[in-house]
Structures are given as C-alpha cells and as structure tokens.
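Throughout, read-outs are computed from the coordinates displayed, never taken from laboratory work. Here the structure is a predicted model, which means the values were calculated and not measured. In this analysis, Cβ positions are derived from the backbone assuming ideal geometry, glycine residues included, and neighbour counts consider all displayed protein chains.
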Amino acid sequence: MGAVAGTQAQCAILAAGLSKRMGEPKLLLQLEGEPLVRRAMAASRDFPIIVVVSRALAGSVTPAEGVTIVLNDEPERGMTHSLMLADRAASDRTIPLAVLLGDTPLVDAALVRRVVDALGDADVAYPVRGDVPGHPVVFGPRPRAAIATLPEGDTLRTLRSDARWRRVEVPIDDDRPFADVDTPEDLARLRSLMER
C-alpha cells in the first residue's frame, strides 16, 4: 500500500471519530472480512496516505510504505481538527488533498482517482447525486491554505462550500460516495447490500 510514482495528490483518511452511536470503535468493524479503516486505505492506494487516528485505533493501523499515521489526541474537537492534523503532516502542501472518511467503506480506488482527476484547475471536487454531496472531497492548494482557519466541528461542509472556491461536482449514480457507517443498523444494512 502506498504511493504510485508521479501522482499529484495525497489522501487524508479521517479515522479519529469517537464512534458514540456505534458504541465501539467502528473503524475496526469488518465489512467483507476487512476492517473499515483498511478499506479506506485500500481506496487511497494510488496516492501517499495520511491516516489520522484516535488513541483507541492507533495500535490497529500499522505504518507502511507511503502511509503516515497521525495521532489525534483530541478527537472530541471534531473532524476539522483531524483535517488540520492531516494537512500539517502532508509532505507537499502545494498539491491536492483528497479527504476520505474512514466510515465510508464503499468508496473505492476508482472513485478516488475519478474525483482527483476531475479537480483539474478547480479548487474543490466531490461526487454528487442530485443535490447530495458525497466523499471523497478533494481540496486544491487554495482551500488547503484555509484549513488552519476552520472552526472546530464535525463537517467538511464549511470548507467544501466556501463561495471563494471553484467547484467541480462529479455525478455518481450509485451508493459508494454516500453510504456511511454510524450505527450497528448502518453496518448491518451495508453487509446485507454487499451479500446481494
């Protein structure tokens, strides 16, 4: 797992959530025999990867070539704090950063590549179905420079929707960018979907 030579993006996997609704570290739960966090890492395999983890997950994610592990000791500060930590750890802050959530296990490498490639000269790219945005979200250098100014919270929406950025919406007609796992019912539904 790791980077493919000559890539022009990095991937940040935000995996430091508290899993309050799940009641256990959800990113260690399995879908098709693979922990959710490993699925996110596999989806990012074409790029250098930064995985931001909580202390509860730290021992379960092992460093590999092209993979940087960043510990978020304050996951209660929200997703934007994890994004700041990932951005600081990035080896090149002048290229796009594709942000994946560890609990969106249907996102795959082809989708990540498609959204990264769609960015072009724009500032932000993300998949959409109708008016619903999904993941991953790719931030170019201009929005990346604004990451440090984000308020604490649990959404990328503020940065993604900022009126200063030129956005590219990538139409997607399946569930991959939109299915997330927050509760035991969500995981059961996805397992059932994958069995079909």
- Item | Unit charges at the beta carbon, dipole of the chain: most positive-side option, L85, P184, A145 | A145
- Message: Give me a comma-separated list of calculated 3J(HN,Hα) values for region 165-171, in order, Karplus coefficients 6.51, -1.76, 1.60 applied at θ = phi - 60°, integers in Hz, x for any Gly or Pro.
- Response: 8, 7, 10, 10, 9, 9, x
- Message: Spelling out what I want: for every residue of region 149-160, take phi, set θ = phi - 60°, compute 6.51 cos²θ - 1.76 cosθ + 1.60 (Karplus), and round to whole Hz; glycine and proline get x.
- Response: 9, 5, x, 5, x, 10, 8, 8, 4, 4, 6, 4
- Task: List the residues whose amide H sits under 5 Å from the amide H of L31, counting only those 5 or more places along or on another chain, with H placed 1.01 Å from N in the peptide plane.
- Result: L36
- Query: With a ≥ b ≥ c the root eigenvalues of the C-alpha gyration tensor of region 66-131, is it rounded (a/c under 1.5), prolate (a/b larger than b/c) or oblate?
  - Reply: prolate
- Query: If you plug each phi of region 33-44 into the Karplus form 6.51 cos²θ - 1.76 cosθ + 1.60 with θ = phi - 60°, what whole-Hz ³J(HN,Hα) values come out, in order, with x for Gly and Pro?
  - Reply: x, 10, x, 4, 5, 5, 5, 5, 5, 5, 5, 9
- Task: Would you tally the net charge around L150, using a Cβ to Cβ cut-off of less than 12 Å, leaving L150 out, and scoring K and R as +1, D and E as -1?
- Result: 0
- Around A43, what is the net charge, scoring Lys/Arg as +1 and Asp/Glu as -1 over all other residues with Cβ under 14 Å from its Cβ? 0
- Item | Shape call, the chain: gyration tensor on alpha carbons, a/c limit 1.5 | rounded
